[in-house]
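Only one structure is covered here, and it is reproduced in the block below.
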Amino acid sequence: MEQVSYKVVSAPAVELRITSPFTSFVSEKRFNRGITVSELKCKLELIVGSPASCMELQLFSAEDKFIGSLDQDDALLGSYPVDDRCRIHVIDQSGVKIGEFEDVSKVIKYEMSNEAYDKRADSMRLFLKQSKLGLYNEEQKEKDKIELERRIHEEKALADAILVGARCEVVISGQPSKRGTVMYVGQTDFKPGYWIGLKYDEPLGKHDGSVNGKRYFQCQYKYGAFVKPQSVTVGDYPEEDYGLNDEM
């Protein structure tokens, strides 16, 4: 009987899982079996952040069973029983503690006074001043102030025509129309301008008439809302009947 011989050929590259105490996730990388353990450590340095000279490598099977240590720096990776999905766990021997550099409150920060910063010839503040941009654009600031005053004056005129207790419909672009009762008319602490406080007929609001700890009116939670006067139309808008009280 003719004897048959077999030759086992390993793939030139192997896909390994990489773990370390410094990362909470598993990295998956392909490595050439022909590199040395020393070269492998240099590549792992970029993945886990541990110095290659301080690494100890442990090899686990695809089922996470410990196989042994990769303890010969001049040995080829392929000389160890590595296969796809095996895991290499990197142990750092440098003495660095996990999370040692994560608490930025321990980092000494350089602080510069406003006076010293104003004397710098290359600061962003100087650039903005010279270019009259942002807070240093006096002309634009004046225009913004005039526009805000105009908008508030317009809102006040509209708000003066809306009375507390009136029925209304609210139409805001991109939203379905809503009906409710006017509960508050005037200025607020949370934003400039004039606002209309509403109690909706349905739970389509955001609060119970209180915003940032200040109460403007009283209603059930999720029935209250504030909108601009431009969105409110006062009229004879009875509550819609949704058939909730129909008898069977």
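Worth pointing out:
- Selection within segment 20-36 - of a type outside the set (D, E, K, R), within 29 Å of the chain's Cα centre (by Cα) and surrounded by fewer than 18 Cβ atoms within 10 Å (Cβ to Cβ): P21, F22, T23, S24, F25, V26, S27
- Test: residue in segment 129-137 that is surrounded by 14 or more Cβ atoms within 10 Å (Cβ to Cβ) and of a type in the set (F, W, Y): yes
- Qualifying residues in segment 69-88 (those that are of a type outside the set (V, I, T) and closer than 13 Å to K41 by Cβ) - the one most open to solvent (accessible area, probe 1.4 Å): D74
- Failed condition for E39, given (1) closer than 15 Å to R85 by Cβ; (2) open to solvent by 80 Å² or more (accessible area, probe 1.4 Å); (3) not aliphatic (A, V, I, L, M); (4) not in a loop (DSSP other than H, G, I, E, B): (1)
- For segment 162-240, the strands (runs of 3 or more DSSP E) that sit wholly inside it and include 3 or more residues that are under 24 Å from I152 (Cα atoms) and open to solvent by less than 50 Å² (accessible area, probe 1.4 Å) are 167-170, 178-187, 194-200, 224-227.
- Looking at Y194, Y221, just one residue is of a type outside the set (S, T, N, Q) and within 30 Å of the chain's Cα centre (by Cα), and that residue is Y221.
- Among residues of segment 52-68, those that are in a loop (DSSP other than H, G, I, E, B) and either aliphatic (A, V, I, L, M) or open to solvent by less than 50 Å² (accessible area, probe 1.4 Å) (or both), counted: 2
The values are calculated or read from the model by the stated rules, or taken from the named source; none is laboratory data. No experiment lies behind these values; they were computed from the predicted model shown. Methodologically, a virtual Cβ is constructed for each residue, glycine included, from the backbone with ideal geometry; neighbour enumeration extends over all protein chains shown. To get the accessible areas, we keep the full protein, side chains included, count just its heavy atoms, and leave off ligands, DNA and RNA. Shrake-Rupley method; radii C 1.70, N 1.55, O 1.52, S 1.80 Å.
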